[in-house]
1. Sort 25, 16 so the one with the fewest other Cβ atoms within 10 Å of its own Cβ comes first.
2. What's the exposure ranking of 101, 140, going from fewest to most Cβ atoms within 10 Å?
3. With r as the distance between the Cβ atoms of residue 160 and residue 39 and R0 = 30 Å, compute the FRET efficiency 1/(1 + (r/R0)^6) and round to 0.05.
4. Take 129, 162 and order them by how many other Cβ atoms sit within 10 Å, fewest up front.
5. Suppose the chain between residue 63 and residue 105 were pulled fully straight at 0.36 nm per residue; how much longer would it get relative to their current alpha carbon spacing?
6. So between residue 10 and residue 129, what do we pick up on full extension, going 0.36 nm a residue minus the alpha carbon distance?
7. What residues from the range 27-56 fall in the zone where the backbone N is under 18 Å from a label point 7 Å along the Cα-to-C-beta line of residue 151?
């Protein structure tokens with residue numbers, strides 16, 4: 001079982017990883033160790049692989065720091081659920097293989113500390129006896145996330161996934 005970490009709206013990438021903790025500022029440190037180091041010290045100390053972030057609207061706003069979703073990916077966050085994501089954060093996260101779900105009803109339903117399990121193969125979030133359906137990602141995004149990121153996808157398939165318009 002994993003834990004739900006609940007965040008509010010408009011969580012920006014500087015809150016996720018402040019600039020002074022950027023990988024190029026600390027090349028000898030893992031950026032995962034700086035995840036929410038100032039904005040949410042309890043997350044920084046206690047979040048473990050498999051945990052889930054549930055947030056308000058516009059998660060990932062601010063600068064286009066690729067290392068913000070990278071810190072969460074390396075931390076082992078299984079999924080992020082929010083009513084909406086900043087566009088560049090969404091794309092950076094998908095490219096890194098981090099699963100994001102737009103699910104406003106789940107945001108209202110899930111609470112800080114809830115025990116859950118993410119089943120990405122079935123697009124479900126298990127909470128005790130309840131199974132919440134997660135909305136499917138677009139096919140191209142799902143393929144990238146399932147491969148572990150865009151680099152892994154290209155290595156495996158020799159090119160980029162096709163985007164249906």
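Nothing in this text is a laboratory measurement; each read-out follows from the coordinates by a stated rule. Note that the structure is a prediction, hence the values are computed from the model and not measured. We place every Cβ from the backbone using ideal geometry, glycine too, and count neighbours over all the protein chains shown.
1. Neighbour counts put them in this order, fewest first: 25, 16.
2. The fewest-first ordering by Cβ neighbours comes to 140, 101.
3. Efficiency, rounded to the nearest 0.05: 0.35.
4. 129, 162
5. On the way: separation 42, 0.36 × 42 = 15.12 nm, distance 2.73 nm.
Net length gain for the segment: 12.4 nm.
6. 39.7 nm is the gain from fully extending residue 10 to residue 129.
7. 27-33
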